[in-house]
Amino acid sequence: MVKNRLRLICGNASRDLAEAVCRHLGQPLGRAEVTRFADGEIFVQIEENVRGVDVFIMQSTYPPAEHMMELLMLIDACRRASAGRITAVMPYFGYARADRKDQPRVSIAAKLCANLLVQTGADRVLTVDLHSPQIQGFFDIPLDHLYAAPVLMQYFTSLNMEDVVVVAPDAGGVKMGRAFAKRLGADLAIVDKRRTRADQAELMNVIGEVEGRNCLILDDLISTGGTICQAARELQRRGARRIIACASHGVFSGQAFQLLDEAPIDEVTVTNTLPLRAANPPSKVRVLDISKLLSKAILNIHHEESISSLFI
Ligand code: R5P
C-alpha cells in the first residue's frame, strides 16, 4: 500500500488544469521540465526527488501525438527515478474513437495507447468519460473512470430550466443521454440518422417529443461540431424552443467554432478536460471547471478510498 507523499506533475497539454487541481490539493505543481531540443525532439526531466512518491502525471492526449509522447516520457522518467506508484491522469483520452476493427486493415489505436502506457510503467490510469467504456478492458492495470456528469448536472440544475428534453444526437449517445435525463428528471429524445439507400442523402428522424420544449443535446465530445449542429437544425425544424449543446470534452477541431456559432444553438457547454485551442471562441461557448472533481479523485486514490462516491 502506498502511503508516501503525493505529487502531481504534468506535460504541456494540461498545465492550466493541473495547476487548478494543485490549488485544490493545496500543494504546488511538481517540478518537471518538458521542453524541446532544437530539432523538435522532446526532453523530459523530473526536477525533484520522487523516490517512493505517489506520482500523478496529468496529460490529456489530444493532438498532436507529441502529447502522448510527453506523457510516456514523463512516466518513463518517474519510473527510472524510483517513484513509488505512477498514475497517468488523462482527463481526455485521445484516440478513443479507434476502439475496434470496424473496417479492414485499420489500427485499434486506443488499444495501442493502452499498451504503450502499461509497457512504459503506468501503474494506474484515471480518466474522464471514455468514448466507449469498454476501453477500460484494454488495460491490465486498474483504471478509474470518472464522469463529468456531476459537474454538468450541477450547472444545468442551477439554470432551473423547465420542460427539458435530453437529446442523444446519435444512437451511440442513448445510454449517456438516458442516465442524464433520469438524473435531471427530464424526458429523452433520440436523433436517428439513416440512409435507406447508399445513393440517398441522410434522413433524420427524431424519436421523442421536442416541439416547444427546451432541448439539451448531450454528447461525449464535440470535434468538428457536425453531429451536434445537424441535430440542432433538425430540432429547430421540429419546433424546439431553446437548444443547448453539451459535451464532456470540447475538442473543437477544424471549423467547429464557426459551425457552432452559425447553428441554431443558444449555448455550448463543455468541461475543461482539454484547453480551448482558439483565441476567440464564440461567446456561446461555456467551459465548466472539472478540477475539483479530479482533485477529489486523486486524493481518494492516494488514500485508497472509493472513487464511485464521486459519481453522484
Ligand atoms: C461519436 O460517436 C461521438 O460520440 C461524437 O458524436 C462525435 O465524435 C462528434 O464528432 P463531431 O463533432 O466531429 O461530429
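The values are calculated or read from the model by the stated rules, or taken from the named source; none is laboratory data. None of these values were measured; they are calculated from a predicted model. Note that we place each Cβ from the backbone using ideal geometry, even for glycine, and neighbour counts take in every protein chain shown. The accessibility values were calculated without ligands, DNA or RNA, using every heavy atom of the protein model including side chains. Shrake-Rupley method; radii C 1.70, N 1.55, O 1.52, S 1.80 Å.
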Answer residue from segment 222-249, given it is in a helix (DSSP H, G or I) and more than 16 Å from the ligand (Cβ to nearest atom) and is farthest from GLU202 (Cα to Cα) among those:
GLN236
Given the conditions (1) on the phi < 0 side of the Ramachandran plot; (2) modelled with pLDDT of 95 or more; (3) among the acidic types (Asp, Glu), and given that ASP102 satisfies all but one, which numbered condition is not satisfied?
(2)
Would you confirm, using the coordinates I've provided, whether ARG51 is within 22 Å of the chain's Cα centre (by Cα), surrounded by fewer than 18 Cβ atoms within 10 Å (Cβ to Cβ), at pLDDT 95 or above and in the same structural domain as SER295 (by TED's automatic domain parsing)?
no
Unmet requirement for ARG241, which otherwise passes all of (1) surrounded by fewer than 23 Cβ atoms within 10 Å (Cβ to Cβ); (2) closer than 16 Å to ASN272 by Cα:
(2)
In this structure, is GLY177 within 16 Å of the ligand (Cβ to nearest atom), open to solvent by 50 Å² or more (accessible area, probe 1.4 Å) and either farther than 30 Å from ARG15 by Cβ or modelled with pLDDT under 95 (or both)?
no
What about GLY137, is it within 16 Å of the ligand (Cβ to nearest atom) and part of a helix (DSSP H, G or I)?
no
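This table checks each residue for (1) open to solvent by 20 Å² or more (accessible area, probe 1.4 Å); (2) among the basic types (Lys, Arg); (3) without any contact (Cβ under 8 Å) to a residue 12 or more places away in the chain.
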residue: VAL118; (1), (2), (3): yes, no, no
residue: GLY121; (1), (2), (3): no, no, no
residue: LEU130; (1), (2), (3): no, no, no
residue: GLN134; (1), (2), (3): yes, no, no
residue: GLY137; (1), (2), (3): yes, no, yes
residue: ASP140; (1), (2), (3): yes, no, no
residue: LEU152; (1), (2), (3): no, no, no
State all residues of segment 296-312 that are part of a helix (DSSP H, G or I), modelled with pLDDT of 95 or more and of a type outside the set (S, T, N, Q); if no residue qualifies, say none.
LYS296, ALA297, ILE298, LEU299, ILE301, HIS302
Looking across segment 263-279 at residues that are over 17 Å from the mean Cα position of the chain (by Cα) and touching a residue at least 12 places away in the same chain (Cβ under 8 Å), the single one that is most open to solvent (accessible area, probe 1.4 Å) is ASP266
Identify, from the list SER253, SER223, the residue that is within 28 Å of SER60 (Cβ to Cβ) and surrounded by 17 or more Cβ atoms within 10 Å (Cβ to Cβ).
SER223
Inspect all residues belonging to segment 207-221 and state whether any of them is assigned to a loop (DSSP other than H, G, I, E, B), more than 20 Å from ALA179 (Cβ to Cβ), within 10 Å of the ligand (Cβ to nearest atom) and not aromatic (Phe, Trp, Tyr).
no
Can you tell me which condition GLN59 does not meet? The list is (1) in the same structural domain as ILE298 (by TED's automatic domain parsing); (2) of a type outside the set (A, V, I, L, M, F, W, C); (3) open to solvent by 10 Å² or more (accessible area, probe 1.4 Å), and all the others hold.
(3)
Pull out all pairs, ordered by first then second residue, where Cβ-Cβ is under 6 Å, the residues are six or more apart or on different chains, the first lies in segment 169-193 and is assigned by TED's automatic domain parsing to the domain that holds MET204, and the second is within 13 Å of the ligand (Cβ to nearest atom) and of a type in the set (Ser, Thr, Tyr).
PRO169/THR227
